[in-house]
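The values are calculated or read from the model by the stated rules, or taken from the named source; none is laboratory data. Treat the numbers as computed from the prediction; the structure is a model and nothing was measured. Cβ coordinates were reconstructed from backbone atoms using ideal geometry, including for glycine residues, and neighbour counts include every protein chain displayed.
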Amino acid sequence: MDKEVVTPAETENPSTMPIEMSPAQKSDIQDSQDFLDSPICFEGHYTDGEISFDIPVHSEMPILTEAENATAVVVDDDTMPQNEGPSVVSMAALNDATTEKSPYSVEMIVHMGTSSFFEVMSYFKDPEISDKLITITRILSNGEREIAEDTGGVLRDVLTEFWQTFYQMCTVGREVKVPALRHDLGETEWQAIGRVLLYGFKYTGYWPIKLSKAFLFSVICSNEEEVKSCLLEDFWKFVTKPDMEVLHQAYENYTQVDEDELLDCLETYECRAKPKEDNIRSVILEIAHTQLIQKPTFVGNCMRECLLDAKINPNKIEEIYSNVYPTSRRVIKSFKFPEFMDAMESEVAKHIKRYVKDADGDKLGQFLRYCTGSDLLTVPQISVEFSSLTGFQRRPVAHTCGCVLQLPRLYESYMDFRYEFDNILNQNIWVMDIV
């Protein structure tokens, strides 16, 4: 059967490419008007919105009958014949081209647990990742994918887990911590950790506030006075409590300190100087400088570029620490309750406020992580709603992406409320199963 080629000149739409059809097929289309509303068959380079791709010049799309269409074969661009007649290109091939992942986005697949620290770090070895959009998929311990759509909450939770693991595996110190050298972490790995810090701050406002401010000041500025301004304060929180009590007493009132205990403390930090009343303060300051500034110098040099890219200065760091540090008062202030509550809901609202007031530092961080994904105060508000769950179904439910906390509206007492919430927070790992 003879076939007629319809050229752009014969069509009203100049973006269509030559297609091959028989006169009968052409007549059927003209009669029924049931072909494509706006054909996307084309020749050469085609642009639709922000997506562009190429079809070889000699590629043509024949109009297929229903039977022929069922057996159509997708032909990749690199295997299409250039001068050997028409090739069959299915609509699926064109759809695949339009849904191809952007080079400016990254799907990060991580497993729950300690391994996620190294997995996240491996992704951030890419120097350009800070400018890419990251979507995260997490794998549960049973090998299945977590049912969660990352619109902010998953990223905050992954960052929180990353930095908690970092504190345990890569730092030393009690409350204030500094990075410690590891044989398996070189320049590339420490730079990647710096990029995680930069990305988390840029997109979620998360900042690892347990890192010593004195250490960070030494990385981003050369002003020794800025470093000294918080050196001693960080040092008291860096050393163990028994050592802090002895060293602090020696610093404030040398004559009252137990000399044997002082010598034991100094030996712990490899100090060979003989302590005296007239030199003890300079000795302690020297120990503080060694532990917080000199020992992590290599790490600071690796992270310097990322911190400078964030345009962070000492004043900004002070502001960040102040803004994200969680306190019971600030968390309660972030609650947004419904405008109208009945008597039972008002009672539960009192329970949640009391629960937050009772929470210490670590527990408060767990509470925030359950509600928002972050153990820091990185969101402006937490919306509190009420549900009608009762019996065995009764439990608080959090939506981390929207920062919404749903509370059952009926509890017999505050003790029951506290018991249920404690059980949830003590699990420490929460599976996101709401999309």
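Could you tell me how many of the residues in the range 238-254 are within 19 Å of Thr171 (Cα to Cα) and among the charged types (D, E, K, R)?
Of the residues in the range 238-254, the ones within 19 Å of Thr171 (Cα to Cα) are 238-241, 243-244.
Within this subset, residues satisfying the condition of being among the charged types (D, E, K, R) are 241, 243.
The total comes to 2.
Output the number of the condition that Lys295 fails; it satisfies all remaining conditions of (1) over 30 Å from Lys357 (Cβ atoms); (2) free of Cβ contacts under 8 Å to residues at least 12 places away in the same chain.
It fails just one condition, (2).
Given the conditions (1) in a helix (DSSP H, G or I); (2) of a type in the set (A, V, I, L, M, F, W, C); (3) more than 30 Å from Ser282 (Cβ to Cβ), and given that Leu232 satisfies all but one, which numbered condition is not satisfied?
For Leu232, the failing item is (3).
I'd like to check something: does the range 412-426 contain any residue that is touching a residue at least 60 places away in the same chain (Cβ under 8 Å), surrounded by fewer than 19 Cβ atoms within 10 Å (Cβ to Cβ) and of a type in the set (Phe, Trp, Tyr)?
Yes, some residue in the range 412-426 is touching a residue at least 60 places away in the same chain (Cβ under 8 Å), surrounded by fewer than 19 Cβ atoms within 10 Å (Cβ to Cβ) and of a type in the set (Phe, Trp, Tyr).
Looking at the range 303-328, which of its residues are out of contact with any Leu (no Cβ under 9 Å at 6 or more places or on another chain) and over 30 Å from Arg354 (Cβ atoms)? Walk me through how you get there before you give the answer.
First pass over the range 303-328, keeping only residues out of contact with any Leu (no Cβ under 9 Å at 6 or more places or on another chain): 304-305, 308, 311, 313, 315-316, 318-322.
Selection gives Arg304, Glu305, Leu308, Lys311, Asn313, Asn315, Lys316, Glu318, Glu319.
If a residue has to be within 16 Å of Glu252 (Cα to Cα) and within 37 Å of the chain's Cα centre (by Cα) to count, how many in the range 262-284 make the cut?
Of the residues in that region, 0 qualify.
When you look at Ile320, is it at pLDDT below 95 and buried (at least 17 other Cβ atoms within 10 Å of the Cβ), yes or no?
Working: at pLDDT below 95: yes; buried (at least 17 other Cβ atoms within 10 Å of the Cβ): yes.
So Ile320 fits the description; yes.
Output the number of residues of the range 168-190 satisfying the condition of being in a loop (DSSP other than H, G, I, E, B) and out of contact with any Lys or Arg (no Cβ under 7 Å at 6 or more places or on another chain).
So the first thing to find is which residues in the range 168-190 are in a loop (DSSP other than H, G, I, E, B), and the list is 173-176, 180-186.
Subsequent filtering for residues that are out of contact with any Lys or Arg (no Cβ under 7 Å at 6 or more places or on another chain) retains 173, 180-186.
So the answer is 8.
For Lys202, state whether it is modelled with pLDDT under 95, within 21 Å of Ile320 (Cα to Cα) and charged (D, E, K, R). So that I can check it myself, show each step before the final result.
Values: modelled with pLDDT under 95: yes; within 21 Å of Ile320 (Cα to Cα): yes; charged (D, E, K, R): yes.
Answer is yes for this residue.
Identify all residues within the range 244-294 that are touching a Phe, Trp or Tyr at 6+ places or on another chain (Cβ under 8 Å), crowded, with 16+ Cβ neighbours inside 10 Å and under 22 Å from Ala180 (Cα atoms); write none if there are none.
Across the range 244-294, the qualifying residues are Met244, Ile284, Ile287, Ala288, Gln291, Leu292, Ile293.
Taking Ile287 as the residue in question, decide whether it is at pLDDT 95 or above and among the aliphatic types (A, V, I, L, M). Reasoning before the result, please.
Working: at pLDDT 95 or above: yes; among the aliphatic types (A, V, I, L, M): yes.
Considered against the rule, which asks whether it is at pLDDT 95 or above and among the aliphatic types (A, V, I, L, M), Ile287 comes out as yes.
Which of the numbered conditions does Ile287 fail, given that it passes all the others? Conditions: (1) in contact with a helix residue (DSSP H, G or I) (Cβ under 6 Å, 6 or more places away or on another chain); (2) touching a residue at least 24 places away in the same chain (Cβ under 8 Å); (3) of a type outside the set (Lys, Arg); (4) closer than 18 Å to Glu175 by Cβ.
(1)
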